[in-house]
Amino acid sequence: MAMDDVQVKDGVDAETVDAVIALSGAYKYGWNTEIEMEYAPKGLSEDIVRLISSKNEEPKWMLEWRLAAYRRWLELKEPDWAMVEYPKIDFQDQYYYARPKSMEEKPKSLDDVDPKLLETYKKLGIPLKEQALLAGVEAPEGERRVAVDAVFDSVSLGTTFQAELLQAGVIFCSISEAIREHPDLVKRYLGTVVPVSDNYYATLNSAVFSDGSFVYIPPGVRCPMELSTYFRINAENTGQFERTLIIADKEAYVSYLEGCTAPQRDVAQLHAAVVELVLLDDAEIKYSTVQNWYPGDENGKGGIYNFVTKRADCRGDRSKVMWTQVETGSAVTWKYPSCVLRGDDSQGEFYSIAIANNMQQADTGTKMVHLGKNTKSRIVSKGISAGKAQNTYRGLVSMHPKAKNSRNYTQCDSLLIGDKCGAHTVPYIEVKNNSSRVEHEATTSKVDDDQLFYCRSRGMGEEDAVALVVNGFCKEVLQALPMEFAMEAQALVAISLEGSVG
Amino acid sequence: MVLPSSEAATRSAMHDDGLISSPGAWAKEVRQSAAERAQNQGLPERRDEYWKYTRPDFFVQESVTLEAQVSPKIQIFNNQLKAEILFENAVLAAETLPKVANCSIESLDDAADLDLHWVSDIYGKLELAGQYPVRRSLAALNTAKASQGVLVHATGQVSDPIRIHAVCAGRTDAIIHHVVKVDAGASVTLIETGQYGARCNVVMEVEVADTGHFHHIRVQDDHEIHALTHIFARIGADSTFKSFTMTSGGKMTRNECILELIGDNSAVSVAGACLGDNDFHHDDTVFITHDAVNCESRQVFKKVLRNGAVGVFQGKILVKAGAQKTDGYQISQSLLLDEDSQFLAKPELEIYADDVACSHGSTCGAIDEQALFYLRSRGIPEAKAVDLLTLSFMAQAIEEIEDSKISAAILNHLTDTLEAR
Amino acid sequence: MLEIKNLQVQLEEEDKQILKGVDLSLEAGKVHAIMGPNGSGKSTLSYVLSGKGGYEVTAGSAHLEGNDILSMEPEERAAAGLFLAFQYPVEIPGVGNMTFLRTAVNSQRKLRGEPEMSAGEFLKVVRAKAKDLKIDAEMLKRPVNVGFSGGEKKRNEILQMAMLEPKMCILDETDSGLDVDAMKLVAQGVNALRDGKRTFLVITHYQRLLDHIKPDVVHIMAAGRIIKSGGPELALQVENNGYSDLLEGSA
């Protein structure tokens, strides 16, 4: 039979069919890079905080900032309200800093980086070379170039296209470099979106973050290429605590991508990141994530605990932020990319696919806090539960008294595959003025048997059929992703659902 | 209540042998354990997630601070219903309990003195089951303290609705506990009107057997100033449970409804229409558990608020593993007539079965300008047009009432209430 | 009956002028038609006359029997005898058609200081008028416009017109979305209300409605102005040649 004939209700295209069918194998990124590592002593103390700071050659103010966060963290309690269960984390049984030995001397450029490390990224399919550009060859039409900051365990290996970006005035570097090279910008914005004491994990991150990415787009500049950070956790028993700060000045625009993977290990690992986005007047940021941390095995052994705080502050009038996330990995996810719509006429959007299979647990969603007049927000969340997984959407839409004439639309759909999993929806809706309009819709249902049967009667295997139908279910969110990511995400949907039927 | 002496002697011997309990022992025991439950759990506090949008202060404080207000407003169902149960100052007028075919109506106070009574299988039991996963200590406290209430046992089709009407004065602090048992094949409609006290804590436990049908209508207008109500119901197979509440009075009202569907093919509905003005806080909290196959549940709540009134909705559908073919529907909508009013909602789904169709919707906004203009262009003054659109908005909730006579009465009552304000 | 002078209107929210000085004089008992291409301001004129929000009158006036209607609330205009048959009648769930009609009739009477119509009398009148428009009892019981077909909605508008007995009726694209039979029925309803005193302003894009409701005067509107007025033959000219000739002529 011809694949082109396949028609599924929610408009899945032939491309998806091909992508889905081409895929096989479980977690693709579970291999480990054998490399000599340098660790800080296990456990967490003021000394460790000082050590991280000195490794990054930070100024004194940064160390003070970290120490204040550490002291605050000691007073905080781990949150317990999310619908996730995991064994108590022993924060003293972790490494907080791990870097490849070869990175002790900061490489002058990516060419000086240990080939083994570069090989890792090649294997992951992340281009760290700028050959096309260096050779003076124009990129093929339609193919967009992407600048990459590659973070390996606790350090950034390097950032591509820096020089070209700088010509446009765009600063794109690791956060440790930014603290050294652009202290004024960092000082002005770091911790202003996610305050040091925001929540348990954000406070922990503030104390021990080792690296991450920094972006500054000057006024009126449209970033000439997509920027991206690729996070790889490789070392064992090591937590990754990265910090991302993106500032879009007036009328600036940037599209930013984030990807993450980790090797397959029996012991769960902690990842507690903080992402802060600052938008001034008329600025726009698109932030896309494909999160594919190791999810643990089918019995729930190992995997990443992903406790992430992401927030955008639309300070400027008419600013616009769009979060798009595809969450397929992690054993436990605790993540709510949020928008504070402070400026008048500012807009926030959140598009999310969260897939939980086997023993995975995801508690994710967003907060839309409307403070300014005529602000708009849109939430589209697609949750898929399979195996024995638990998947929760948790969200807040808040219309403050001064947020006159604001709008929110929320669509929140859950799909269940199999009768051992759970799908939950916990939205909070707070409306404190009457000129604003809030609409919230949520549905929960199982994979449509008719659709499955249709696909299978055309010769597709059950898993392929499920992947296809799920891709259709997620279409609205997939469409919000940049092209390259959309393809990768479609493929991921298929992989992460493997073993969910039969 | 005194037993014949010869029999009393026998019983006394049986007591000594521990064969049967002493008079009122069941009540003492259940009250004692409820008191301990409330003690262990502690009373609700402002920081409790479950009380996120409503402050429990008035319900937990020692004394009643405001006097009951009897407004000579519009009355509903007066002299229309044959069977009436009366409460005066939070005390049941036990001597005037109506006689109704296919139904026994008794006083809780009397039953608590007996050694055996059907109510001992229900009283405090459904409330206890409703303490998980959320603690509802004020309901436990009610079980421990309540002496007033009616026990309604429907053994067949009860043709006319039974009305419970309450009147009070001053700072009456009412603790009322009703129990309803609907047998297989039986059906009964209960209507609650009036005010039990200036402050009240009311619990109603309802056991609906397989093929039983229970309808509950409540009008809260000439109303308690601070009211906290709980309905705990357990519903068998092929049966119906429907509860509708219209609220237009009071300062702070929280109506909790905790339903558990334990038999297949049943249908439940909890609905409310609320008209809030000024210093008014109204909270609908619903928790429906599906623990059976092929059941339908509906939650329909409409609130129209103005002059700073606050409306709260917390609704949850829990579908347990194995509760396949569940159809769960939930809608909560608010119409804010001015800038000062607020709507706070937390509509939840928690689902552990895959072959289900559950949905919820929640909207909040101002009045539809198009519709308002349409009405005004036909010569209807703005205030009247707003009233008509208010009725239009409420209609979906009122349609949940099965008995068309009652829904018509509610609609008229709502119309009159709107006109009077 | 209705005197419109140099009426200039812009949108409240944005600085966009829609009516750029409309002059119209409608004598009592006559049927005037306004024709024009999409976006010419025809519907805006009907909304501004009936008092819909969102528009700002920047200049000009409109008087109904000498009374300044632009300063009145929508319901006052209705009580003064103005009626707009909507292009898209609004659905009002939960409010019965009868309740709605009776509320409207009695509200207007009250505003005019007249006694209210009794329930019995009202019922008798409404049934008779509904029958003429082939509106059955069932439709009267249903919520206002909810679940009505396009034709039913428009007939319902005409029923309201018949019940409210306005002096000045504006029909905004009443023919849109109707098939020939439905249009005839609506036209019959309108024609039945022509009594030599009542005035009509029929707004339409196409000439076909005017085959059934014969106008006395036809106006062509374009870009917020009346660019040409004439007899019924003007409508035929549009039918045959479209608007482009006329628009070019005025440019």
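Nothing in this text is a laboratory measurement; each read-out follows from the coordinates by a stated rule. Not measured: the values here are computed from a predicted model. Neighbour counts are summed over all protein chains in view; Cβ atoms, including those assigned to glycine, are modelled from backbone coordinates with ideal geometry.
Filter the cross-link list A:Lys286/A:Lys373; B:Lys302/B:Lys384; A:Lys42/A:Lys367; A:Lys28/A:Lys55; A:Lys446/C:Lys141 down to pairs whose alpha-carbon distance in this structure exceeds 30 Å. Could you put the intermediate results ahead of the total?
Details: A:Lys286/A:Lys373 22 Å; B:Lys302/B:Lys384 19 Å; A:Lys42/A:Lys367 35 Å; A:Lys28/A:Lys55 33 Å; A:Lys446/C:Lys141 40 Å.
As for pairs spanning more than 30 Å Cα to Cα, those are A:Lys42/A:Lys367; A:Lys28/A:Lys55; A:Lys446/C:Lys141.
The coefficient of translational diffusion for chain B, derived via Stokes-Einstein from the alpha carbon Kirkwood radius under 37 °C and 0.692 mPa s, stands at 148 µm²/s. In terms of its C-alpha gyration tensor, segment A:367-502 comes out prolate, because a/c is 1.5 or above and the ratio a/b outweighs b/c. Rounded if a/c is under 1.5, else prolate if a/b is larger than b/c, else oblate: which is chain A, with a ≥ b ≥ c the root eigenvalues of its Cα gyration tensor? Rounded. In chain A, excluding the sites themselves, the longest stretch lacking any of the chymotrypsin sites (Phe, Trp or Tyr not before Pro) that are in a DSSP loop with at most 16 other Cβ atoms within 10 Å is A:92-502.
Inter-chain neighbour count for C:75-83: the average number of beta-carbon atoms from partner chains within 10 Å of each residue's beta-carbon is 4. Only helices enter the 222 nm calculation for chain B: every DSSP H run of n ≥ 4 contributes -39,500 (n - 2.57), and dividing by all residues gives -6500 deg cm²/dmol, rounded to 500. The ranking of B:Val286, A:Val380 by Cβ neighbour count inside 10 Å, starting from the fewest, reads A:Val380, B:Val286. The shape of segment C:143-251 comes out prolate: with a ≥ b ≥ c from the C-alpha gyration tensor, a/c is at least 1.5 and a/b beats b/c. For A:Lys404, the aspartates and glutamates whose Cα comes closer than 15 Å to its Cα, not counting residues fewer than 8 places off in the same chain, are A:Asp317, A:Asp344, A:Asp345, A:Glu430, B:Asp338, B:Glu339, B:Asp340, C:Glu13.
Summary of the geometry: segment C:80-118 and segment C:158-187, compared by the centres of their Cα atoms, lie 16 Å apart. Of the residues B:Cys200, C:Gln87, A:Ala354, the one whose Cα sits farthest towards the positive end of the charge dipole of the protein assembly as shown is C:Gln87 (charges of +1 on Lys and Arg Cβ, -1 on Asp and Glu Cβ, taken about the Cα centre).
The mean number of Cβ atoms from other chains found within 10 Å of a Cβ in peptide A:404-417 is 2, as a whole number. Normalised by residue count, segment B:182-283 yields a Cα convex hull volume of 73 Å³ per residue. Inter-part distance, segment B:276-344 to segment B:191-217, computed on C-alpha centroids, equals 18 Å. Other residues whose C-beta falls under 13 angstrom from the C-beta of A:Gln411 contribute a net charge of -2, scoring Lys and Arg +1 and Asp and Glu -1. Based on alpha-carbon atoms, the Kirkwood radius and the radius of gyration of segment B:120-163 give Rg/Rh equal to 1.08.
Spatially, segment A:327-394 and segment A:260-295 are offset by 13 Å when compared through their Cα centroids.
For A:Lys187, the lysines whose Cα comes closer than 18 Å to its Cα, not counting residues fewer than 8 places off in the same chain, are A:Lys60.
In chain A, the sites counted are GluC sites (Glu not before Pro) in DSSP loop states with at most 12 other Cβ atoms within 10 Å, and the longest stretch holding none of them, exclusive of the sites, is A:144-502.
Three principal axis extents of chain C based on alpha-carbon atoms, in descending order, are 57, 39, 35 Å.
Wrap a convex hull around the Cα atoms of the protein assembly as shown, take a quarter of its surface area, and give that in square nanometres. It is 55.9 nm².
Only lysines eight or more places from B:Lys125 in sequence, or on another chain, were considered; those with a Cα closer than 22 Å are B:Lys28, B:Lys145, B:Lys181, B:Lys242, B:Lys316, B:Lys320. What's log10 of I(q)/I(0) for segment B:277-385 at q = 0.17, 0.20 Å⁻¹, Debye sum over Cα points only, no solvent? With one equal scatterer per Cα and no solvent, log10 I(q)/I(0) is -0.80, -0.94. Using the average count of surrounding beta-carbon atoms within 10 Å as a protection proxy, the listed peptides A:355-362, C:198-205 rank, highest first, as A:355-362, C:198-205. For segment A:197-313, the alpha carbon convex hull comes to 101 Å³ per residue, rounded to a whole number.
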